[in-house]
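Before any comments, here is the structure.
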Amino acid sequence: MSEISFDRFDYMILDALQQDARSPHQRLSQTIPLSPSQIGRRIQRLEELGVIDSYRVNLRAEKLGLSVLAFINVFLDHHGEAVVRDFASAVADLPEILEGYAVSGEADYWLRVLVPDLPSLSRFVMHTLMCIPSVRSVKSTIALEPVKRIAPLPLKRV
């Protein structure tokens, strides 16, 4: 894959969209020295290149009754292509899992899980995660207080 070329205007647009993806091109042009139509064309290019993956709204979980955030390390009994594929497939559609990563180190997977309360976390771990074939054990760490939430990507400056 060839490297994609970005200039300072692309980075300015990406920075601004990370702060507010709903910013109209007209408003962006007030801080980025390009016309709204130039900004629109650049955004379309960035979308077509796959740099802009999607647009989302960030919700406050606690306002929606989701107050327990846990980081769960998953340890598998054994490994292999089929086991890894089956585990990834099993967790892909679980709505409680916000993110999941295969990791190096002691654990095999790291999951970021959000649930309403501690009993819900217990049920999720015992009756969902532990019931996935090949899961040997899990280790949960409960987040007490956020010190930094979803942050924009640290884009290099041109």
task = Please find, in a Gaussian network model of the chain (springs between Cα atoms separated by less than 10 Å), the residue of ARG41, ARG136, ARG123 whose mean-square fluctuation is greatest.
result = ARG41
message = Taking the full set of protein chains and a 1.4 angstrom probe, give the accessible area of VAL135 in square angstrom, rounded to the nearest 10.
response = 10
ask   = For GLN19 and TRP110 in the same chain, what is the full-extension length gain: residue separation times 0.36 nm, less their Cα-Cα distance, in nm?
value = 30.1 nm
task = Using the heavy atoms of the protein chains and a 1.4 angstrom probe, tell me the accessible area per residue for the chain in square angstrom.
result = 70
ask   = Hey, what number do you get for the chain at 222 nm if only DSSP H runs of n ≥ 4 count, each worth -39500 (n - 2.57), divided across all residues, to the nearest 500?
value = -9500 deg cm²/dmol
message = If I take every Cα pair under 8 Å that is 6 or more residues apart in the range 1-129, average their sequence separation and divide by the length, what percent do I get for the relative contact order?
response = 20
note = For the chain, the charge dipole (Cβ of Lys, Arg +1; Cβ of Asp, Glu -1; about the Cα centre) points to a positive end, and the Cα of VAL57, VAL138, GLY80 closest to that extreme belongs to VAL57
ask   = Taking square-rooted eigenvalues a ≥ b ≥ c of the alpha carbon gyration tensor, is the range 69-156 rounded, prolate or oblate, where a/c under 1.5 means rounded and, failing that, a/b exceeding b/c means prolate?
value = oblate
Spin-label model distance (nm) - ILE4 vs ARG45, 7 Å beyond Cα toward Cβ = 1.1
request  = With springs only between Cα atoms under 10 Å apart, run a GNM on the chain and tell me which of VAL84, VAL51, VAL68 wobbles the most.
outcome  = VAL51
ask   = If the cut-off is 22 Å between C-alpha atoms, which lysines fall inside it for LYS156, apart from same-chain ones fewer than 8 positions away?
value = LYS148
Rounded to 10°, Cα long-axis angle of helix 118-127 versus longest principal axis of the chain = 70
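The values are calculated or read from the model by the stated rules, or taken from the named source; none is laboratory data. The structure displayed is predicted, hence computed values, not measured ones. Virtual Cβ from ideal backbone geometry, glycine too; neighbours counted across all protein chains shown. These accessible areas exclude ligands, DNA and RNA; they are computed on the full protein's heavy atoms, side chains included. Shrake-Rupley method; radii C 1.70, N 1.55, O 1.52, S 1.80 Å.
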